[in-house]
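Supplied in structure tokens, the structure appears directly below.
The values are calculated or read from the model by the stated rules, or taken from the named source; none is laboratory data. Nothing here was measured: the structure is a model prediction, and the numbers come from that model. Cβ: placed from backbone, ideal geometry, glycine included. Neighbour counts: every protein chain shown.
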Amino acid sequence: MKPVTCPTVLISAPASGQGKTLITAALARAWRNRGLRVHAFKCGPDFLDPMILATATGRPVYNLDFTMCSEADGEAQLYRAAQNADLIIVEGVMGLYDGTPSSADIAQRFNLPVIITIDASGMAQTFGALASGLLAYRPQLIGAGVLANKVGSEGHAKLLRDSLPPHLSWFGALVKNEKLSLPERHLGLFMASEITDLEEKIETAAKALAESSTLPLPPSVVFNVPAQASLPQLLNNKTIGIARDEAFCFIYQANLDCLIDMGATLKFFSPLHDQTLPEADAYWLPGGYPELHLDTISQNSPMRDALNTTLIANKPILAECGGMMALSESIDGKPTFGLLPGNSRIHERLQGLGSLKAELPQGQLGAHTFHYGSFETTLEPIASAATRFGKAENIYRHDSIHASFLHFYFASNPEAAAKLFL
């Protein structure tokens, strides 16, 4: 194996709310419409933005995060993508220098050129100064260019373009249009499957960018061969049943890859709509939005019975965040599957946030937490993990169930992840 090169760019902004997700999706689609194979990544542990980017590219989207995933994992994922892509596009998180790691940290670590997207409403020549200053703040960054969002007219867009210094390329503009906005709820954007006109939004925005710019390819980046580590076949001949539907949908593609690479066969089921479980050696209920489907959950007594039979059979069950809440006795007083002693509630204020390393009896696992729920139980935690904000997240063991508000990243420690299913 040898190093590979691939045109690559990271999309960032001065702050949150500048339209990065739609811009990234539109750029990805515009390049895809030229016949290019585009692979997308998302900085940070986000689940929702990658769903939008997957719609734009037609390919699975992976995450880059130094705490949850590790730098080595990012290096390996980028190298693998570059082997099968004509272009890699990375959506940043928050503003360019916000967070730990920031988008700037990730761009610098992997030598990713940066495009700045700016909400240009109410802005004229300062546009060029803002873009230039953001990139110059850290001289090690590679500035690829600038893109304007929410411009007032073609004339406004030309004014913005003319304000750019010669070394920054123009990647186009989107005129302010409420029809191109993406709906949001308490955990962020709506899921891609919930936005009925998402395809139209992405295609419309892609065509607008293509019409307002030549959309040059970003600079090529060299991705070195990562350290090779063959995964132990700890899950060989094991079948894992995974909940996947509109209520249980927060699943990292990297986690599925990791399970498969350790020899597992994966079967998917819907706790909402199915009445039986697939035959499997272990089960995984990931996070999602069970609180939006409480009537369906409370009425699906065959699924409740099937899960209880699995518990009696002592088959391992991993329940993450929404999966844990659905296995509790109730959510906001509405009966749920009832495998875990305790009750869950949804609050108006955020209850947990941050990436971390969780020390489990099975080993250390990278994870992140982002939820508005709480779980009141008499169970004693087998471990707890605190984010840098000081909020502790408990990890529970009840019979064969491991449950927590944490979303685990299996590739951070495949051996420890495998033990959760054995």
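Kindly indicate which of D305, D281 is closer than 19 Å to G338 by Cβ and among the acidic types (D, E).
It is D305.
So which residues in the stretch 35-70 are touching a Pro at 6+ places or on another chain (Cβ under 9 Å) and not hydrophobic (A, V, I, L, M, F, W, C), if there are any at all?
H39, K42, G44, P50, P60, Y62, N63, D65, T67
Need pairs with beta-carbon distance below 8 Å; first residue within 14 Å of M325 (Cβ to Cβ) and within the stretch 276-298, second basic (K, R); sequence gap 6+ or separate chains.
P286/R244; L294/K334; I297/K334; S298/K334
Listed here are the residues, each with its yes/no results for (1) over 18 Å from I317 (Cβ atoms); (2) hydrophobic (A, V, I, L, M, F, W, C); (3) in contact with a Gly (Cβ under 7 Å, 6 or more places away or on another chain).
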residue: N236; (1), (2), (3): yes, no, yes
residue: I240; (1), (2), (3): no, yes, no
residue: D245; (1), (2), (3): no, no, no
residue: I251; (1), (2), (3): no, yes, no
residue: A264; (1), (2), (3): no, yes, no
residue: K267; (1), (2), (3): no, no, yes
residue: S270; (1), (2), (3): no, no, no
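Every residue in the stretch 268-302 that is aliphatic (A, V, I, L, M), under 27 Å from H347 (Cα atoms) and either assigned by TED's automatic domain parsing to the domain that holds F190 or not in a strand (DSSP E or B) (or both), please.
L272, L292, L294, I297
Being without any contact (Cβ under 8 Å) to a residue 40 or more places away in the chain and outside any helix (DSSP H, G or I) is the filter here, so list the residues in the stretch 252-267 that pass it.
Passing the criteria: G263, T265, L266, K267.
Continuing with the same structure: Can you find a residue that is buried (at least 22 other Cβ atoms within 10 Å of the Cβ) and at pLDDT below 95 anywhere in the stretch 345-355? I'd like the intermediate steps shown before the answer.
Of the stretch 345-355, the ones buried (at least 22 other Cβ atoms within 10 Å of the Cβ) are 355.
After this cut, where a residue has to be at pLDDT below 95 as well, the list is 355.
Checked against the condition, which is being buried (at least 22 other Cβ atoms within 10 Å of the Cβ) and at pLDDT below 95, the stretch 345-355 yields at least one hit.
Looking at (1) in a loop (DSSP other than H, G, I, E, B); (2) among the hydrophobic types (A, V, I, L, M, F, W, C); (3) in contact with a His (Cβ under 7 Å, 6 or more places away or on another chain), which is the only condition F421 fails?
Checking F421 against (1) in a loop (DSSP other than H, G, I, E, B); (2) among the hydrophobic types (A, V, I, L, M, F, W, C); (3) in contact with a His (Cβ under 7 Å, 6 or more places away or on another chain), the one that fails is (3).
Is it fair to say A81 is within 18 Å of the chain's Cα centre (by Cα) and small (G, A, S)?
Working: within 18 Å of the chain's Cα centre (by Cα): yes; small (G, A, S): yes.
Against the criterion (within 18 Å of the chain's Cα centre (by Cα) and small (G, A, S)), A81 qualifies.
Which ranges mark the helices (runs of 4 or more DSSP H) fully within the stretch 1-83 that have 2 or more residues being β-branched (V, I, T)?
Numbers: elements: 20-32, 48-57, 71-83.
Once the helices (runs of 4 or more DSSP H) in the stretch 1-83 are filtered for at least 2 residues that are β-branched (V, I, T), what remains is 20-32, 48-57.
Quick one: is I116 assigned by TED's automatic domain parsing to the domain that holds L174, crowded, with 22+ Cβ neighbours inside 10 Å and either part of a loop (DSSP other than H, G, I, E, B) or in contact with a Phe, Trp or Tyr (Cβ under 9 Å, 6 or more places away or on another chain) (or both)?
Criteria not met by I116.
Of the conditions (1) hydrophobic (A, V, I, L, M, F, W, C); (2) touching a helix residue (DSSP H, G or I) at 6+ places or on another chain (Cβ under 9 Å); (3) under 22 Å from G366 (Cα atoms), I251 fails just one. Which one is it?
(2)
When the residues of the stretch 321-344 are narrowed to those that are over 21 Å from Q275 (Cα atoms) and not hydroxyl-bearing (S, T, Y), which ends up surrounded by the most Cβ atoms within 10 Å (Cβ to Cβ)? Full working, then the answer.
Going residue by residue through the stretch 321-344, those that are over 21 Å from Q275 (Cα atoms) are 321, 332-333, 341-344.
Next cut, not hydroxyl-bearing (S, T, Y) only: 321, 332-333, 341-343.
On the way: C321: 27, D332: 14, G333: 10, P341: 13, G342: 19, N343: 17.
Top of the filtered list is C321.
A quick yes/no check of all residues on (1) under 30 Å from D245 (Cβ atoms); (2) assigned to a loop (DSSP other than H, G, I, E, B):
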residue: L130; (1), (2): no, no
residue: L134; (1), (2): no, no
residue: P139; (1), (2): no, yes
residue: L147; (1), (2): no, no
residue: S193; (1), (2): yes, no
residue: E200; (1), (2): yes, no
residue: V221; (1), (2): no, no
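Scan the stretch 95-108 residue by residue and report those that are of a type outside the set (S, T, Y) and modelled with pLDDT under 95.
Filtering the stretch 95-108 down to residues of a type outside the set (S, T, Y) leaves 95-96, 98-99, 101, 104-108.
Within the stretch 95-108, G99, P101 meet the criteria.
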